[in-house]
Amino acid sequence: MIAPANLAVAPLVGRIGMETRRLGISDLKITPVGFGAWAIGGPGWEFAWGPQDDADSVAAIHRALELGVNWIDTAAVYGTGHSEEVVARALKDWRGSRPYVFTKCVLRWDEKGKIDKVFSPDSIRSECEDSLRRLQAEVIDLYQIHWPPDDNGPALEESWQTLGALQKEGKVRWIGVSNFNVEQLKRAEKIATITSLQPPYSMIRRSIEKEILPHCQQQGIGVIVYAPMASGLLTGAMTSERAAALPSDDFRSRNPEFREPRLSKNLALVERLRQVGARHGRTPGEVAIAWTLRRPAVTGAIVGARNAKQAEGVMRAGDLKLSAEEIAEIEGAAALATAR
């Protein structure tokens, strides 16, 4: 992980500049917050967020770029290809500097939207070509294995070898993994250098702190965390009523964190975040994001937005620096929320 002295100011993207950090050993200098394109994939697949308007999605991406964000994280599986298509549509109309685009592979789908993991070289190569076509791109800036194999078997090595080959062939610039543990990272490291890891991380989901973050920092692996606002739970916009009304095609309706007895504790945590944010004129969601970025091993955070207004409220969270006292205050409230 680079030291704060190596922070740079990104070129203006649209209107506003933002500091950047180098992602692992790559030449990618990314802003602290990147646009997460999961929800904009829309409905009709296994892990959807419910209905989504494409025009709102494009507006959200454009506003994030105007605010200085210089990377977008998507995946082939988000909306079974639709998210990548929406990203391409947004970038076609964008007149500023082109952001980096990151995407992922190994999650395939059938005609009913059911998701399966497929690690064979032929499948990954086919996915890569499909992603390039949907993204209307000649090269993918960061290509990631979305999940390791369920049996933790040799498909891990086989798939990682394929990503290494795609990198050598120039189809992708850099390669990374998502949702890997330390033992899986070590196995992959023997084959090809890992640019980055993408794990879940928020103040109610902290398992990466003990082993994964120290390992990545030691090995020079960049870390871009996902769900820093716990899939919308810590934004300040979620309420008991809204959680109860989540549609059945929104995967969060099946998440225990959005149901009692955990929901009330989580919403109490949000009120503490609201108090901290009010001192800075910031939203609870921005505080939640800034809390993840306080860790020196964390290079950036993936932050979703479903319209321009949501983007306005979170994409500058990397500018918010929490004091030691505020971090301690948040830690206390988080401990109460996660007590089981």
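The values are calculated or read from the model by the stated rules, or taken from the named source; none is laboratory data. Quick caveat, the model's predicted, so the values are computed rather than measured. Remember, those area values only see protein heavy atoms, side chains included, never the ligands or the DNA or RNA. Shrake-Rupley method; radii C 1.70, N 1.55, O 1.52, S 1.80 Å.
Counting only heavy atoms of the protein chains and using a 1.4 Å probe, GLU260 has close to 100 Å² of accessible surface. Seen from every direction in turn and averaged, the convex hull around the alpha carbons of region 281-340 projects onto 5.1 nm². Kindly identify region 241-340 as rounded, prolate or oblate by the Cα gyration tensor criterion: order the square roots of the eigenvalues as a ≥ b ≥ c, call it rounded if a/c is under 1.5, otherwise compare a/b with b/c, prolate if a/b is larger, else oblate. Oblate is the answer for region 241-340, as a/c is 1.5 or above yet b/c matches or exceeds a/b. Computed from phi, the 3J(HN,Hα) profile of region 107-119 under the Karplus parametrisation 6.51, -1.76, 1.60 (θ = phi - 60°) reads 9, 10, 9, 9, 5, 9, x, 6, 9, 9, 8, 10, 10 Hz, with x in place of Gly and Pro. Near the amide H of TRP174, within less than 5 Å, lie the amide hydrogens of LEU142, TYR143, all on another chain or at least 5 residues away, with H placed in the peptide plane. The angle separating the long axis of helix 284-293 from the principal Cα axis of greatest extent in the chain is about 50 degrees. Computed 3J(HN,Hα) for region 299-312, one whole-Hz value per residue from the Karplus formula 6.51 cos²θ - 1.76 cosθ + 1.60 where θ = phi - 60°, is 7, x, 10, 8, 10, x, 8, 9, 7, 5, 5, 4, 4, 4, glycine and proline marked x. The accessible surface of the chain, taken with every protein chain in place and a 1.4 Å probe, is 51 percent carbon and sulfur.
Residue pairs exceeding 31 angstrom between C-alpha atoms, taken from LYS190/LYS210; LYS92/LYS265; LYS29/LYS186: LYS92/LYS265.
Along its three principal directions, the equivalent ellipsoid of region 20-146 from the Cα gyration tensor extends over semi-axes of 23, 19, 12 Å, largest first.
Taking the longest Cα principal axis of the chain as reference, the axis of helix 121-135 is set at about 60 degrees. Ratio of Rg to Rh for region 126-227: 0.98 [Cα atoms; Kirkwood radius as inverse mean 1/r over pairs].
Within the set [x] 62, 42, 42; [y] 56, 41, 38; [z] 51, 48, 44, the number that Cα extents along the principal axes in Å takes when calculated for this structure is listed as [z]. Tell me, what is a quarter of the convex hull surface for the C-alpha atoms of region 34-81, in nm² with one decimal? Orientation-averaged projected area of the Cα hull: 3.1 nm².
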